[in-house]
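The structure appears right after this line, and notes come after that.
The values are calculated or read from the model by the stated rules, or taken from the named source; none is laboratory data. All values derive from a computational prediction rather than experimental measurement. Cβ placement follows ideal geometry from the backbone for every residue including glycine, while neighbour counts extend to all protein chains displayed.
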Amino acid sequence: MPSSDEGLVRIDAGGAMLEGNLLIPPGASGVVLFAHGSGSSRFSSRNRYVAEELRAGGLATLLIDLLTPREEPHLRFDIDLLAQRLVDTIEWLSHDPATSRLRAGMFGASTGGGAALVAAARIPERVGAVVSRGGRPDLAGAALPKVKAPTLLIVGGDDLPVIGMNEEAYEQLTCTRRMEIVPGASHLFEEPGTLERVAELARGWFVQHLS
């Protein structure tokens, strides 16, 4: 796994200085921005594993903390703010010389899944694909029918309440969409082989739609 300061970038998002880790493999065909869930961070071992697998598939990755340490306890469920931070970050990626030529996708976990879909609805011309892992796409609400980016919803087979939330959101999406239920997986995909399946599905989706 990369160290905490490898590929360190600082991004001004509406006056808040956000820290992230941007890693770009040779010949990258796209860049994936990670939106972690509430109470997590860019150092999440699960997201870092998925990011490593995406880079092995020729995709650049940006894991970022969308809130500052002072904001985190109070604003972790502010989907509108999180979505705007994602929009600002994608704007930054579109101007940074290292990533400006790369089409952007988003990988959201838990509440980050809802924020990613709201952001995708706001800037459809900039977002090429979205993947939600154990996400709360229902939190995107009225933004769901406005999403244009191909969207993959991945849910654990044992995560019954979240399956229902994803099914309801899936019905409201009008974009190219797919829902995958990973058998035997709980909300955090801690069971053997389940996170590997998430990474495999995500990599295939992003390679297909960002390349």
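Go through segment 164-189 and give me each residue that's part of a loop (DSSP other than H, G, I, E, B) and either at pLDDT below 95 or touching a Leu at 6+ places or on another chain (Cβ under 6 Å) (or both). Don't jump to the end; show me each part of the working.
Just the residues of segment 164-189 that are part of a loop (DSSP other than H, G, I, E, B), to begin with: 173-176, 183-189.
The answer is Leu173, His187, Leu188, Phe189.
Which pairs turn up if I take residues in segment 193-211 that are more than 14 Å from Leu33 (Cα to Cα) and touching a residue at least 24 places away in the same chain (Cβ under 8 Å) and look for partners that are in a helix (DSSP H, G or I) and among the hydroxyl-bearing types (Ser, Thr, Tyr) with beta carbon separation below 7 Å, at least 6 apart in sequence or on another chain?
Pairs that qualify, where the first residue is more than 14 Å from Leu33 (Cα to Cα) and touching a residue at least 24 places away in the same chain (Cβ under 8 Å) and the partner is in a helix (DSSP H, G or I) and among the hydroxyl-bearing types (Ser, Thr, Tyr), are Leu195/Tyr49; Ala199/Tyr49.
Which condition breaks for Thr99 when tested against (1) of a type in the set (Val, Ile, Thr); (2) farther than 21 Å from Phe206 by Cα; (3) part of a loop (DSSP other than H, G, I, E, B)?
(2)
Give segment 130-150 a look and list any residue that's buried (at least 24 other Cβ atoms within 10 Å of the Cβ) and among the basic types (Lys, Arg), or say none.
Listed by number, the residues that qualify are Arg133, Arg136.
So in segment 102-129, with the set limited to residues that are assigned to a loop (DSSP other than H, G, I, E, B) and of a type in the set (A, V, I, L, M, F, W, C), which one is nearest to Pro161 (Cα to Cα)? Please lay out each step first, then the result.
Going residue by residue through segment 102-129, those that are assigned to a loop (DSSP other than H, G, I, E, B) are 102-103, 110, 123-126.
Filter once more, so that each one left must be of a type in the set (A, V, I, L, M, F, W, C): 102, 123.
Details: Leu102: 36, Ile123: 30 Å.
Of everything passing the filter in segment 102-129, Ile123 is nearest to Pro161 (Cα to Cα).
Answer yes if at least one residue in segment 203-211 is surrounded by fewer than 23 Cβ atoms within 10 Å (Cβ to Cβ), modelled with pLDDT under 95 and more than 16 Å from the chain's Cα centre (by Cα), and no otherwise.
yes
Show the residue pairs that are 6+ apart or on different chains and have beta-carbon atoms under 9 Å apart, the first residue being within segment 139-163 and on the phi > 0 side of the Ramachandran plot and in a helix (DSSP H, G or I), the second being among the small types (Gly, Ala, Ser) and crowded, with 16+ Cβ neighbours inside 10 Å.
Listed pairs, sorted by first residue: Gly141/Gly114.
Do you know which of the residues in segment 68-83 that are more than 14 Å from the chain's Cα centre (by Cα) and either modelled with pLDDT of 90 or more or aromatic (Phe, Trp, Tyr) (or both) is surrounded by the fewest Cβ atoms within 10 Å (Cβ to Cβ)? Lay out the reasoning, then the answer.
Residues of segment 68-83 more than 14 Å from the chain's Cα centre (by Cα): 68-78, 80-81.
Add one more test, that the residue is either modelled with pLDDT of 90 or more or aromatic (Phe, Trp, Tyr) (or both), and what stays is 77-78, 80-81.
Working: Phe77: 13, Asp78: 17, Asp80: 10, Leu81: 18.
Checked segment 68-83; the qualifying residue surrounded by the fewest Cβ atoms within 10 Å (Cβ to Cβ) is Asp80.
Hey, does segment 76-91 have a residue that's closer than 20 Å to Ser132 by Cα, polar (S, T, N, Q), in contact with a Leu (Cβ under 8 Å, 6 or more places away or on another chain) and touching a residue at least 12 places away in the same chain (Cβ under 8 Å)?
At the first step, the residues of segment 76-91 found to be closer than 20 Å to Ser132 by Cα are 76-90.
This time we only want the ones that are polar (S, T, N, Q), so: 84, 89.
Okay, now just the ones that are also in contact with a Leu (Cβ under 8 Å, 6 or more places away or on another chain), so 89.
Still in the list and also touching a residue at least 12 places away in the same chain (Cβ under 8 Å): 89.
Yes, that holds for at least one residue.
Restricted to segment 33-67, and to residues that are outside any loop (DSSP other than H, G, I, E, B) and of a type in the set (Gly, Ala, Ser), which residue is farthest from the chain's Cα centre (by Cα)?
Step one: filter segment 33-67 for residues outside any loop (DSSP other than H, G, I, E, B), giving 33-35, 45-56, 60-64.
Now restrict to residues that are of a type in the set (Gly, Ala, Ser): 35, 45, 51, 56, 60.
Values: Ala35: 4, Ser45: 14, Ala51: 10, Ala56: 17, Ala60: 13 Å.
Restricting to residues being outside any loop (DSSP other than H, G, I, E, B) and of a type in the set (Gly, Ala, Ser), the top hit is Ala56.
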